[in-house]
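What follows is one structure encoded as C-alpha cells, with my remarks underneath.
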Amino acid sequence: RDSLGAMAYAGRGLGFTAWDTPHPRQQRWQAGIQRQFGASMVVTATYAGTYSDRISQFSSQGNVPGRPLQPLPAQYWVGGLRRDVSAQNLMNQNVDNPFFIGNLSQSSVPAVVWSDMNANSFFTGRIIARNRLLRAFPHMTGLTDNSESSAFTKTQEFQFSFEKRFSQGWNLNLAYTAMRIRDADVFLNEFDTQRHVRESNDGRPHRFTGTGVYTVPVGKGRKYLGNANRLVDALLGGWQFAATYEWQPGPLLDFGNIFYYGSDVKDLLNVQRTWDTWFNTANFERVAANGPAAYHVRVFPTRIPGLRADSTNQWNANVAKNLKLTETATMQLRLDALNVQNRSQMAAPVTDPYNTNFGRITSQTSAVNRWLQVQARIQF
C-alpha cells in the first residue's frame, strides 16, 4: 500500500482513530444522610449524580461503530407520513462512473497505481449509484471516524435503604433506588450533526430489593428449649430461614423508522396489557409496501417513555438445618428455591409492524424458572 501513496484508499473504505482523541471523563457527586434507631436499625438516604462526556464507544442507530463522514446531505431525503420512493429511485439510480479507469490515460498514471486500479471494481465499473457521487469524498467507499466522541450521559439517582442488623436471631435489609439516565448516544439520521438525547437502557427508573434471615430460637443454647436433649435438639433446633426479593421494570422497547398515524405516541400505553397485546398497535402502518422507503428521515422515536418489556419480579428462598455431629463438627442441610413463584421472565414484544406478531410477546428470556437445589456440607 505504501507504494500507492495518496491512492492507497481510493476506491476503498477507511476507518480511523484520530491521534488527538480526548480521553473520556466523568464527574461524580454524592450526598447522603444516615440515622440509627435503637441498637440495630439504620436508615440511609443518598443522592448521587454523574455526568460523563467525550464518549466514543456508543454506536449509531444501525449499530455501526463510529461516525460515518460521508452522509448523504439532508436535501436529498424525504419526510412526512406517506411512502415516497422518489428519493430512493433517484439516489439509487445508476449513472456513468466518473472514476471509470477507461476515462484515464495509462501513460498519465504510475504503473503500480494503474495495476491496482485495474484490480478494483470501483474503477473498472462503468456505472455507479448517484448517491455515491453526492457524498463527501466520493472516490472512497466509506470513511468512518471511529473516535468521534460527542456522546454523553447524565445520571440522577436517589437511594434509600433500611437495615435491621443481625440481632435476636434475625436481620432485614430493604433497598429502593430511583434513577434517571439520559444518553446522547445515537444519530437519528446519517446527516445529523448532533446526537439524539433519549432515556437510557443502562438503568431502570425504579428498583426494589429485600433480604431477610431468621434463625429459629429453639434448641440447645437458644431461648426456647435451651436445655433440650440431643434428640429434641436434632429435630427442633438449628433451623434457619432466608428469603430475597427483587423487582424492577424491564428495558425500554426500541423501534425502527415506521409510520404512526396517531396524534400522540403515549396512546401506545393505553391498553389492557396481555402477552398478546403488550401495547396499543392501532394507528400503525402495517403494510410493508406502504412503509418508509430508503432515504426517508426518521419520523418515529426510537423509544417511547414508559413503554417497557416485562419486569423482573422474583422471590428466592432457602431453608437450612444445622446438625451438631460432634463438639467440633456440624452438618448443614440446605434447600434453595430460586424463583419461588415459578414466574417466567418474558422477552420483549415484537416491534416490527409488518410482522403478524406485532405487539405480542412470543418468547421468554434465558432467566430460569423455579429451580430447587439441595446440598449438604460438613464444617469442622
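The values are calculated or read from the model by the stated rules, or taken from the named source; none is laboratory data. Predicted, not measured: the structure shown is a model, and the values here were computed from it. All Cβ positions, glycine included, derive from the backbone under ideal geometry; neighbour counts span all protein chains shown. Note: accessible area is taken over every heavy atom of the protein model, side chains too, but ligands, DNA and RNA are not part of it. Shrake-Rupley method; radii C 1.70, N 1.55, O 1.52, S 1.80 Å.
The figures follow:
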read-out	value
First in region 154-173 and within 18 Å of T244 (Cα to Cα), second anywhere and open to solvent by 80 Å² or more (accessible area, probe 1.4 Å) and at pLDDT 90 or above, Cβ under 8 Å, 6 or more apart	G169/Y214; W170/Y214
Candidates V216, V186, V265, V197 - the one that is of a type outside the set (D, E) and touching a His at 6+ places or on another chain (Cβ under 6 Å)	V186
Residue match in region 361-373 (condition: open to solvent by 70 Å² or more (accessible area, probe 1.4 Å), in a strand (DSSP E or B) and free of Cβ contacts under 8 Å to residues at least 24 places away in the same chain)	yes
A31 vs. criteria among the small types (G, A, S) and either at pLDDT 95 or above or in contact with a Gly (Cβ under 7 Å, 6 or more places away or on another chain) (or both)	yes
Y261 being in contact (Cβ under 8 Å) with a residue 60 or more places away in the chain, farther than 30 Å from V43 by Cβ and surrounded by fewer than 16 Cβ atoms within 10 Å (Cβ to Cβ)	yes
Any hit, region 158-168, residues being in contact with a Phe, Trp or Tyr (Cβ under 9 Å, 6 or more places away or on another chain) and at positive phi	no
Subset of region 106-141 (residues that are open to solvent by less than 30 Å² (accessible area, probe 1.4 Å) and either part of a loop (DSSP other than H, G, I, E, B) or more than 24 Å from F191 (Cβ to Cβ) (or both))	V109, V113, M117, N120, F123, G125, M140
Check on R180, under 21 Å from the mean Cα position of the chain (by Cα), farther than 22 Å from W315 by Cβ and of a type outside the set (F, W, Y)	yes
Checking S59 against (1) at pLDDT 95 or above; (2) under 33 Å from the mean Cα position of the chain (by Cα), the condition it does not meet	(1)
Number of the exception - K321 against (1) open to solvent by 40 Å² or more (accessible area, probe 1.4 Å); (2) assigned to a strand (DSSP E or B); (3) basic (K, R)	(1)
Filtered residues of region 174-213 (kept if over 21 Å from S56 (Cα atoms) and either charged (D, E, K, R) or in contact (Cβ under 8 Å) with a residue 60 or more places away in the chain (or both))	R180, R204, R207
